[in-house]
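Read the figures in this text as sums done on the coordinates, not as results from a lab. Remember, it's a predicted structure, so these values are computed and weren't measured experimentally. Backbone-built Cβ (ideal geometry, glycine too); neighbour counts: all protein chains shown.
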Amino acid sequence: MPLLRIRTEIEDRPGRLALLTAALAGRGANILALSVQVDAGGVVDEFLVDVPAGTAGPRELAEALAAAGGARTAVRPARPHELVDEPTRALVLASRLRTEPHAVPEVLAELLRADESAWARPSDRADADDEYVLTVPLGHGRAVRLRRYGLPFTATEAARADALVRAALPAEPPRPASRRLPLRDGTHVTVRPIERRDAGAIRELHERCSLDSRRMRYFSPKPYPPPRAIERFCDPAHGLTLVAEGPDGSLLALAHLIHVLDPGVAELAFLVEDGWQGRGLGRALAELLLALARERGLVELRATALSENVRMRRLLTSLGGRTRRTEEPSIVEIRLRADGRPAPGALAGWRGDRHL
């Protein structure tokens, strides 16, 4: 019987997966494996199925999934050796990479079932907008470029490749917990993880922020976070919160990576004091959070903003984010891939930033 690998995008709503599986079953497809991946364009469901000879072919299966709500469906032949436990396969490849570090292109191609792989430079962005090409940076000016025909690379796959490389290859020196970031005017600020002793300075930061800045951050002119919120920000299980210190030691900004229920996803949010807005601090913090998200194996960052918050929307879309409407007309959601690749087009039913 033909063995097929099928991928389709679907809106992340309860019951959607059940519709897809029912559609495949209705066409006689036997589901042998299933994985759910996160991508900035939506949720990607991947099925490995066998189909009795003489029944539905790739086109009929794609049409059935489209009728069930799937979008951008891709169907390609698979082979029996692909019926393996994915975590075990990744661990085997990591073990091989430790003993054969020169075989990175071959190992990554096997991990992601790519058709082509070759050494490249991270700065070569000729194929940056090609969803069938993935560049995996290795550090020290090296990278591997992968190409796969028929199946676009997802943000989850980019995170898997990055994690495999970091787990198996020699580690770079650990980054300091505190680091200095240069701003556009040459000023340097210090960014570090939040501490409980910062509660008073955080209150003073909020008091220096205008009502409008606080409203843009919290959707209401919230005076300052209560003590229990500071405790939560300091808890690693909640996520990561950074503070930015100015030359005089005062706190200028708060930046958050907050864990959410979707696997591999975190919520991004930050507040910058009015006097330091427009100087590049927000961009520096957003770029740092993206880098830290990737180090933590996150796939995607999401931010919610008032639709009138043009500065926030422009910043995040300039970093590759994609704006989506929400059920609240005054609120939008912006999604960014943690690997820095531009987000693909939104699914049907969503309207992009040009309509806002």
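Listed highest first by mean packing, meaning other Cβ atoms within 10 Å per residue, what order do 5-14, 205-214 come in?
Working: 5-14: 18.0, 205-214: 16.1.
For the peptides 5-14, 205-214, the packing ranking is 5-14, 205-214.
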From the P(r) of the chain, can you give the percent of Cα pairs sitting at distances over 24 Å?
-> 62
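Could you give me D for the range 1-74, from Stokes-Einstein at 10 °C and 1.306 mPa s, where the hydrodynamic radius is the Kirkwood radius over C-alpha pairs? Units µm² s⁻¹, please. Spell out each step's value before the answer.
Values: Rh = 12.1 Å.
The estimated diffusion coefficient comes to 132 µm²/s.
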Report, in degrees rounded to the nearest 10, the 0 to 90 angle that the Cα long axis of helix 16-26 makes with the longest principal axis of the chain.
-> 0
Give a residue-ordered list of calculated ³J(HN,Hα) values for the range 199-206 (Karplus: 6.51 cos²θ - 1.76 cosθ + 1.60, θ = phi - 60°; whole Hz; x for Gly, Pro).
-> 4, x, 5, 5, 5, 5, 4, 5
Roughly how many whole Å is it from the C-alpha centroid of the range 210-247 to that of the range 51-129?
-> 41
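Just need the relative contact order of the chain here, percent rounded to a whole number, with Cα pairs under 8 Å and 6+ apart.
Working: 639 pairs, mean separation 48.2, N = 356.
Worked out over the chain, it gives 14 percent.
For the range 148-303, what does the equivalent ellipsoid look like in terms of its semi-axes, each the square root of 5 times an eigenvalue of the Cα gyration tensor, given largest first in whole Å? Before the final figure, lay out each step's value.
On the way: eigenvalues 176, 65, 49 Å².
In descending order, the three semi-axes are 30, 18, 16 Å.
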Helix 58-67: inclination vs the chain longest Cα principal axis, degrees, rounded to 10, gives 40
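Under Stokes-Einstein, with the Kirkwood radius over Cα pairs standing in for Rh, what whole-number D in µm²/s applies to the range 49-103 at 10 °C and 1.306 mPa s? Don't skip to the end; give the middle numbers.
Values: Rh = 14.3 Å.
This corresponds to a translational diffusion coefficient of 111 µm²/s.
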Charge dipole of the range 20-140 about the Cα centre (unit charges at C-beta), most positive-ward option of Ala109, Ala66, Leu24 = Leu24
0 to 90° range, to nearest 10: angle between helix 281-295 axis and the chain longest Cα axis | 40
Rg/Rh ratio calculated on Cα atoms of the range 100-142 (Kirkwood radius) | 0.95
Along each of its three principal axes, how wide is the spread of alpha-carbon positions in the range 96-197, in whole angstrom units, largest first?
-> 51, 33, 26
